[in-house]
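The values are calculated or read from the model by the stated rules, or taken from the named source; none is laboratory data. Predicted model, so just to flag it, every value in this text is computed and none were measured. Methodologically, a virtual Cβ is constructed for each residue, glycine included, from the backbone with ideal geometry; neighbour enumeration extends over all protein chains shown.
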Amino acid sequence: MLKVLAVFVAVFIAELGDKTQLATVLFASEGDHSPWTVFFAASGALVLSTAIAVLLGAYAGQFLEGLPLKLIAGGGFILIGIWTVAEHFRAV
């Protein structure tokens, strides 16, 4: 149960304020369709993309057991963060 909670919290926090959420806000604000339509379409898209990620992760996990994937992913996120901050200051 703790693992499920950890996955939920990690994904929930990662999704807050990302491009997907901002696009969903924009679709919902257009007003030419029901908010429920936007909700179910966005939810379905998130479920499908998550299913693909889980299937690929489970398959890839069989071949990548020896690699420190969390370390590599964490390093990648740090590099993306540094690049994003550098782009901000370069544009100013």
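Points to keep in mind about this one:
- Taken over region 62-92, the residue count meeting the criterion of being among the aliphatic types (A, V, I, L, M) and more than 22 Å from ALA10 (Cβ to Cβ) is 4.
- The single residue among PHE27, PHE40 that is closer than 23 Å to PHE8 by Cβ, aromatic (Phe, Trp, Tyr) and assigned by TED's automatic domain parsing to the domain that holds ALA10 turns out to be PHE40.
Condition check ((1) more than 23 Å from PHE77 (Cα to Cα); (2) in contact with a strand residue (DSSP E or B) (Cβ under 7 Å, 6 or more places away or on another chain); (3) modelled with pLDDT of 90 or more; (4) not assigned by TED's automatic domain parsing to the domain that holds PHE77) across all residues:
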site	(1), (2), (3), (4)
VAL7	no, no, no, yes
ILE13	no, no, no, yes
HIS33	yes, no, no, yes
LEU56	no, no, yes, yes
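- Scanning region 34-69 for residues that are of a type in the set (S, T, N, Q) and exposed (fewer than 11 other Cβ atoms within 10 Å of the Cβ) returns SER34, GLN62.
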